[in-house]
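Take a look at the structure below.
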Amino acid sequence: MAVTGEIPADLNGVYLRNTENPLVPARERYHPFDGDGMIHAISFRDGNVEYRNRFVRTEGLLAEVNAGEAQWSGLAESPLKALRQDGWGARTRMKDASSTDIVVHNGVALSSFYQCGELYQMNPITLEDEGCATWNGKFPEHGVSAHTKVDETTGELLFFNYHTEYPYMHYGVLSPTGELSHYTPVPLPGPRLPHDMAFTTNYSILNDCPLFWNEELIAKGIYATNFHRDMPTRLGVIPRYGNENDIKWFECDATYVLHWINAYEDGDEIVLDGYFQFDPSPSLPPDATMDQRLFRFLDLYALQSKPYRWRLNLRTGQVKEGPLSDTITEFGMINGRVGGQNYQWVYSTIPAEGWFGFEGIIKHNVNTGSEESYRLPTGTYASETVFAPKPVQRSEDDGYLVTFTMDVVNDASHCMVFDALNVSDGPVATIQLPERISSGTHAFWADASTLREQN
Ligand SMILES: [Fe+2]
């Protein structure tokens, strides 16, 4: 592969990226989140790289390939249009495309789906298929949502799921060696659409945002989301091994949070950072096109997504909250070593206006508010950009940023590596990929020390 610049010799590990790639056409209308999961992996070792990509071999994908046409309806289609009565996800009658997220836990890559489903296991370097996680027969009936969280300090995996029947949500912990060590119901007032969770050393933070499906319409097979500006956002703090009676709920300003950044404990307070949407339900012109309707919840400028901090006092129940920046950003990654702990730096993407693409990357100091960014050439988009720490760090931000790009002008893709201490200087290494890859959502950095193949 052609390389411009020099691949750092102390960058060792694998960058994994989940993307959406529709293999069979949609029944009526494709939504960008319907595509089949394809994992892209670029592994670094002593200045050398290897790249691979592979479809996640989901049960749904194999069924549709065998049938030669789509069997389930996508996000922008009525579930009643599905050919099959079965399916996955909180909405049901959907295909679990396993196309949303990817993490590495216990040396195994796990892909997941935002509507809840299986965890598809694969080798993080070769992408060899290792089947669905079973957790020795204890894998949850309602599946697992995207945004499982790896606590790099303890090696545990924290997760949640959601569904349309009481108790509407569950939360659990997987041990460092992959056994289910905790699973508890999280009763909610009704079906909700949580997308992400956060954690500190001792607590997990779940959410009940006032943007959710209408329960009466669900009974008629209609899954319409409504934002309730007059309802609070409820944030639930649960001890890592707590049960439903231990959850403390905090009422905060109404919003929808797609992604959290990090959280930590500060005395009696839980400090929680995430992206606050100042307009979670943007209005549309009466003559809006189908594309405008489709991208209404994908345009982060329209949603006005900004970094934001909540302080939740466990002793008094009080909440302090407010923005950390006026810059519109999302998809933040941190140094995984400070996950759940006091930290300084988040590496976010700069969204493209009116489109689900990322024009650049931005490094933001959550304590001082300082920002440093790098913008890609027009027509080139970044992926969620991970932080890869150096083996011996002099500071939290001593490491590299790694991303894949999609250059739609020249029909090419590259992997770019930045010095995280000097983001605005541009990439220190650019590696051409064999083909242009599709856009996607989430990515993960697994350090060589966590990979059996590189140890
Ligand atoms: Fe997400």
Query - Residue list for region 30-72, filter: closer than 30 Å to Arg296 by Cβ and aromatic (Phe, Trp, Tyr) - result: Tyr30, Phe33, Phe55, Trp72
Query raised in the report: Any idea which of Asp287, Asp291 is within 29 Å of Ile102 (Cβ to Cβ), surrounded by fewer than 17 Cβ atoms within 10 Å (Cβ to Cβ), at pLDDT below 95 and out of contact with any Pro (no Cβ under 8 Å at 6 or more places or on another chain)?
Result: Asp291
Report summary line: Filtering strands (runs of 3 or more DSSP E) wholly in region 220-286 for at least 3 residues that are under 22 Å from Pro167 (Cα atoms) gives 225-227, 233-239, 248-252
Query raised in the report: Does region 50-60 include one or more residues that are more than 23 Å from the chain's Cα centre (by Cα), of a type in the set (S, T, N, Q) and at negative phi?
Result: no
Query raised in the report: Would you pick out the residues in region 112-125 that are more than 14 Å from Phe55 (Cβ to Cβ) and of a type outside the set (A, V, I, L, M, F, W, C)?
Result: Ser112, Tyr114, Gln115, Gly117, Glu118, Gln121, Asn123, Pro124
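Working only within region 134-148, note down all residues that are touching a Ser or Thr at 6+ places or on another chain (Cβ under 8 Å) and surrounded by fewer than 22 Cβ atoms within 10 Å (Cβ to Cβ). Full working, then the answer.
So the first thing to find is which residues in region 134-148 are touching a Ser or Thr at 6+ places or on another chain (Cβ under 8 Å), and the list is 144-148.
Answer for region 134-148, where residues must be touching a Ser or Thr at 6+ places or on another chain (Cβ under 8 Å) and surrounded by fewer than 22 Cβ atoms within 10 Å (Cβ to Cβ): just Thr148.
Does region 363-380 include one or more residues that are touching a strand residue (DSSP E or B) at 6+ places or on another chain (Cβ under 8 Å), within 25 Å of Tyr114 (Cβ to Cβ) and more than 16 Å from the ligand (Cβ to nearest atom)?
Step one: list which residues in region 363-380 are touching a strand residue (DSSP E or B) at 6+ places or on another chain (Cβ under 8 Å), which gives 363-366, 370-377, 379-380.
Next cut, within 25 Å of Tyr114 (Cβ to Cβ) only: 364.
Now drop any that are not more than 16 Å from the ligand (Cβ to nearest atom), which leaves 364.
Yes, region 363-380 has at least one match.
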Report summary line: Filtering region 64-119 down to residues that are charged (D, E, K, R), touching a residue at least 60 places away in the same chain (Cβ under 8 Å) and more than 14 Å from the ligand (Cβ to nearest atom) yields Arg91, Lys95, Glu118
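Within region 328-339, is even one residue within 26 Å of Thr403 (Cβ to Cβ) and either open to solvent by 40 Å² or more (accessible area, probe 1.4 Å) or modelled with pLDDT under 95 (or both)?
Yes.
Given the structure, is Asn262 within 16 Å of the ligand (Cβ to nearest atom) and touching a Lys or Arg at 6+ places or on another chain (Cβ under 9 Å)?
So Asn262 fails the test.
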Query - Elements of type strands (runs of 3 or more DSSP E) contained in region 1-111, each with 1 or more residues being open to solvent by 30 Å² or more (accessible area, probe 1.4 Å) and polar (S, T, N, Q) - result: 3-5, 48-55
Report task. Report yes if Ser383 is within 16 Å of the ligand (Cβ to nearest atom), of a type outside the set (A, V, I, L, M), touching a strand residue (DSSP E or B) at 6+ places or on another chain (Cβ under 7 Å) and closer than 16 Å to Thr19 by Cα, otherwise no. Result -> yes
Query raised in the report: Does Thr184 satisfy being more than 16 Å from the ligand (Cβ to nearest atom), open to solvent by less than 10 Å² (accessible area, probe 1.4 Å) and touching a Gly at 6+ places or on another chain (Cβ under 6 Å)?
Result: no
Query raised in the report: Out of region 189-205, which residues are more than 15 Å from the ligand (Cβ to nearest atom) and either part of a strand (DSSP E or B) or closer than 19 Å to Asn342 by Cα (or both)?
Result: Phe199, Thr200, Thr201, Asn202, Tyr203, Ser204, Ile205
Query raised in the report: Going through region 192-204 one residue at a time, which ones are under 13 Å from Leu312 (Cα atoms) and surrounded by fewer than 22 Cβ atoms within 10 Å (Cβ to Cβ)?
Result: none
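Residue-wise test of (1) out of contact with any strand residue (DSSP E or B) (no Cβ under 9 Å at 6 or more places or on another chain); (2) within 16 Å of the ligand (Cβ to nearest atom); (3) assigned to a loop (DSSP other than H, G, I, E, B); (4) among the aromatic types (Phe, Trp, Tyr).
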| residue | (1), (2), (3), (4) |
| --- | --- |
| Glu321 | no, no, no, no |
| Asn342 | no, no, yes, no |
| Ile350 | no, no, no, no |
| Trp355 | no, no, yes, yes |
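The values are calculated or read from the model by the stated rules, or taken from the named source; none is laboratory data. Predicted, not measured: the structure shown is a model, and the values here were computed from it. Note that we place each Cβ from the backbone using ideal geometry, even for glycine, and neighbour counts take in every protein chain shown. Surface accessibility is based on the protein's heavy atoms, side chains included, excluding ligands, DNA and RNA. Shrake-Rupley method; radii C 1.70, N 1.55, O 1.52, S 1.80 Å.
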